[in-house]
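Here's the structure we're looking at; comments come further down.
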Amino acid sequence: MAWLVFYGGVGEVGGNKVLLEDDDVRIFLDFGVSFSQMGKFYSAPFLLPKREEGLVELRLLPPLKGVYKFDESYVSVDAIIVSHVHMDHVGFLPMVKEEIPVFCGETAATIMDAFTDMKRWIIGREGRKGGFKTFRTGEKLRVGDVEIRPIHVDHSVPGSYGFVIHTSEGAVAYTGDFRIYGAKSELTEDFVRVVEEEGVDVLITEATNISSAYVSSEREVGEKLNYIVRNTDGLVIAYFASTDIDRLRTFYEVAKRNGRKLVVSVRQAYLLSKLECDPHLNVPSMSDEQIMVFKKRKRRYEKWEEEVLEKESAVEAGDVSKMQDKVILVASLYDFEELIDVKPMPGSCYIYSSSEPFNEEMEI
Ligand SMILES: [Zn+2]
């Protein structure tokens, strides 16, 4: 007998935690934080649970035995399959027992390891100590008698997948999050083709914008950004999710077209240094002179920050202040105190360019 139990992601944006049970096999599809539910009790990063068990008491985590690190019951889930690394799909992974294998794409594993290095997890900042089991598109994974086929999709973070899952009672397609107007829409088309070929019985799809939305293609976004930057005399300050590599590339191109350099955070530089090893991703290289690193004033730098600052030549607020019309400064709201020293000149502008408001609440 096969069952699907939705512990999140229904009637809300993200928070996906879908349990697939097939006889004695139990697999979770994603294990994300529901920001709408979390927001009722907490406000990351300033107000977070003191005891992680409290997340179960408040029903923010499903009331399950044998899943969480703080619960000593025997392991009761065989695997967690990750579609992509937005926090509303993976944010609760650090709560999960290390014995439960987590399957994800290679790029997703690289990004999540970087999250752990940078203490970027919202809950359970130590992250996951054991490695991830990685897959590439087209491979077939097996958990007990259940066969899972990951197929890439295009989304605002690299390493995003949908799945076709063959159970004893038929096939299930799980899309994860996807887009068809993004930089690599052909990836999503590949997924749709496989779903058609395999003929699934159940479709679990994301539907955030299913009824009405005007969506710009990445190229249109680039043209709009170019128009704004071309018509700005002063400093351009920009925000986008550090994992949105397509948007980073778009800003990089716009900066280049307008004779400006892109000044990125140490966090962004660290992530790029990890991702540039994968030739499939074609990420802008940190050795490119077009990219500079912004060094925030801090009493103490973390090990991963020192690693970046030793390698890259960094600029500080005072330096940016002197070359305002020559740079695009990437800054989140938490970097805004630096603007006191940057002193943006009249005619400067701020561009908020986030495609996913549910994944980047934790930017300190
Ligand atoms: Zn997403």
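The values are calculated or read from the model by the stated rules, or taken from the named source; none is laboratory data. These figures come from a predicted structure and were not determined experimentally. Every residue, glycine among them, receives a Cβ derived from its backbone with ideal geometry; neighbour counts consider all protein chains shown. Ligands, DNA and RNA are excluded from the accessible area calculation, which covers all protein heavy atoms including side chains. Shrake-Rupley method; radii C 1.70, N 1.55, O 1.52, S 1.80 Å.
Number of residues in the stretch 325-337 that are surrounded by fewer than 19 Cβ atoms within 10 Å (Cβ to Cβ) and touching a helix residue (DSSP H, G or I) at 6+ places or on another chain (Cβ under 8 Å) equals 0. Residues in the stretch 24-48 that are under 18 Å from residue 64 (Cβ atoms) and assigned to a loop (DSSP other than H, G, I, E, B): 24, 30, 31, 32, 33, 34. Taken over the stretch 165-188, the criterion of being within 23 Å of residue 112 (Cα to Cα) and out of contact with any Leu (no Cβ under 7 Å at 6 or more places or on another chain) is satisfied by 175, 176, 177, 178, 179, 182, 183, 184, 187, 188. Of the strands (runs of 3 or more DSSP E) lying entirely inside the stretch 124-242, the ones with 1 or more residues being open to solvent by 70 Å² or more (accessible area, probe 1.4 Å) are found at 133-135, 141-143, 202-204.
Pairs meeting the criteria (first residue in the stretch 43-72 and within 21 Å of residue 5 (Cβ to Cβ), second residue polar (S, T, N, Q), beta carbons under 6 Å, at least 6 apart or on different chains) are 60/37; 65/73; 65/76; 66/73; 66/76. With respect to the conditions (1) more than 22 Å from the chain's Cα centre (by Cα); (2) touching a residue at least 40 places away in the same chain (Cβ under 8 Å), residue 28 falls short on a single one, namely (1).
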